[in-house]
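*Asks:* Dumping the structure here so I can ask a few things about it.
The values are calculated or read from the model by the stated rules, or taken from the named source; none is laboratory data. What you see is a predicted model; the values in this text were computed from it and never measured. Backbone-built Cβ (ideal geometry, glycine too); neighbour counts: all protein chains shown.
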Amino acid sequence: MQRTPRNVALDALARREHSVRELMERLHKAFPEQDADAFLPVIERLQEDGLQSDERFAEAYVRMRVNKGHGSVKIAHELLQRGIDESLAQRSLSGCNWFELGMAALLKKFGHSVPVDIEEKARMARFLQQRGFAYGLVDEILS
C-alpha cells in the first residue's frame, strides 16, 4: 500500500480514536517535508466520511481515564492538551458521577473510604488530588 497522508491517518484511526491535533502531529511526523496546511483537506475528508470525530475521541478518552481511576480535573487538562476545546471537554465529563468514582478509587487504594485519623485523611486527600479529583469534591468525599 502506498504511504500517503490519508493512509497514515486511516492506520492511526484503525487502532484508536485520535483528535485532530493528534492526527496533525502524526502526519507532520510521517511527512516532515510537507506543510501542515496540506493535511487539513485529508482530515476534513475523514471527518466528512465519519472516520474522525473529536467528540468520539473525547468520549472514548474520558471513558478510558475514568476506568483507570482518574478525576475530572486531570482528564480535562489532558483533553485540552490533545486539542479538544473546553466546551467539548466539559460535555464529555458531565456524564460521570465523580463522587462515586472518587469513593471507588479510595476503596481500591485503601480498602475503606472513611479515614481513621487525621494523617490517613491527609493521605487520602493527597491521593485523590493527585488522581485529578477537584479539591471541593475531595473534601466532600472525606467528610
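*Asks:* Would you point out which residue out of 43, 75, 84 is surrounded by 15 or more Cβ atoms within 10 Å (Cβ to Cβ), of a type in the set (Val, Ile, Thr) and in contact (Cβ under 8 Å) with a residue 60 or more places away in the chain? Step through it out loud before you land on a result.
*Replies:* Numbers: 43 fails: in contact (Cβ under 8 Å) with a residue 60 or more places away in the chain; 75 fails: in contact (Cβ under 8 Å) with a residue 60 or more places away in the chain.
Being surrounded by 15 or more Cβ atoms within 10 Å (Cβ to Cβ), of a type in the set (Val, Ile, Thr) and in contact (Cβ under 8 Å) with a residue 60 or more places away in the chain holds for just one of 43, 75, 84, which is 84.
*Asks:* Only one of 125, 89, 105 is aliphatic (A, V, I, L, M), under 17 Å from the mean Cα position of the chain (by Cα) and not assigned by TED's automatic domain parsing to the domain that holds residue 18; which?
*Replies:* Result: 89 is the single residue among 125, 89, 105 that is aliphatic (A, V, I, L, M), under 17 Å from the mean Cα position of the chain (by Cα) and not assigned by TED's automatic domain parsing to the domain that holds residue 18.
*Asks:* Might you let me know whether region 104-111 holds any residue that is closer than 24 Å to residue 58 by Cβ, without any contact (Cβ under 8 Å) to a residue 12 or more places away in the chain and outside any helix (DSSP H, G or I)?
*Replies:* The answer is no, given that none of the residues of region 104-111 is closer than 24 Å to residue 58 by Cβ, without any contact (Cβ under 8 Å) to a residue 12 or more places away in the chain and outside any helix (DSSP H, G or I).
*Asks:* Looking at region 135-142, can you tell me whether even one residue there is under 14 Å from residue 75 (Cβ atoms), modelled with pLDDT of 95 or more and outside any loop (DSSP other than H, G, I, E, B)?
*Replies:* Yes, the conditions are met somewhere in region 135-142.
*Asks:* Quick check on residue 9: is it more than 24 Å from residue 91 (Cα to Cα), in contact with a His (Cβ under 9 Å, 6 or more places away or on another chain) and either assigned by TED's automatic domain parsing to the domain that holds residue 78 or without any contact (Cβ under 8 Å) to a residue 24 or more places away in the chain (or both)?
*Replies:* Considered against the rule, which asks whether it is more than 24 Å from residue 91 (Cα to Cα), in contact with a His (Cβ under 9 Å, 6 or more places away or on another chain) and either assigned by TED's automatic domain parsing to the domain that holds residue 78 or without any contact (Cβ under 8 Å) to a residue 24 or more places away in the chain (or both), residue 9 comes out as no.
*Asks:* Here is a further query. Can you tell me how many residues within region 112-128 are surrounded by 11 or more Cβ atoms within 10 Å (Cβ to Cβ) and part of a helix (DSSP H, G or I)?
*Replies:* Here the count works out to 9.
*Asks:* Filter region 33-67 for residues that are part of a loop (DSSP other than H, G, I, E, B) and either in contact with a Pro (Cβ under 9 Å, 6 or more places away or on another chain) or at pLDDT below 95 (or both) and give the result.
*Replies:* Result: 33, 34, 35.
*Asks:* What do you reckon, is residue 33 out of contact with any Leu (no Cβ under 8 Å at 6 or more places or on another chain), buried (at least 18 other Cβ atoms within 10 Å of the Cβ) and charged (D, E, K, R)? Quick ask: steps written out before the conclusion?
*Replies:* On the way: out of contact with any Leu (no Cβ under 8 Å at 6 or more places or on another chain): yes; buried (at least 18 other Cβ atoms within 10 Å of the Cβ): no; charged (D, E, K, R): yes.
Spelling it out, it is not the case that residue 33 is out of contact with any Leu (no Cβ under 8 Å at 6 or more places or on another chain), buried (at least 18 other Cβ atoms within 10 Å of the Cβ) and charged (D, E, K, R).
*Asks:* Inspect all residues belonging to region 71-80 and state whether any of them is more than 11 Å from the chain's Cα centre (by Cα) and either in a helix (DSSP H, G or I) or of a type outside the set (S, T, N, Q) (or both).
*Replies:* No, that holds for no residue.
*Asks:* Could you say whether any residue in region 42-60 is within 14 Å of the chain's Cα centre (by Cα) and within 30 Å of residue 112 (Cα to Cα)?
*Replies:* Yes; the residues of region 42-60 include at least one that is within 14 Å of the chain's Cα centre (by Cα) and within 30 Å of residue 112 (Cα to Cα).
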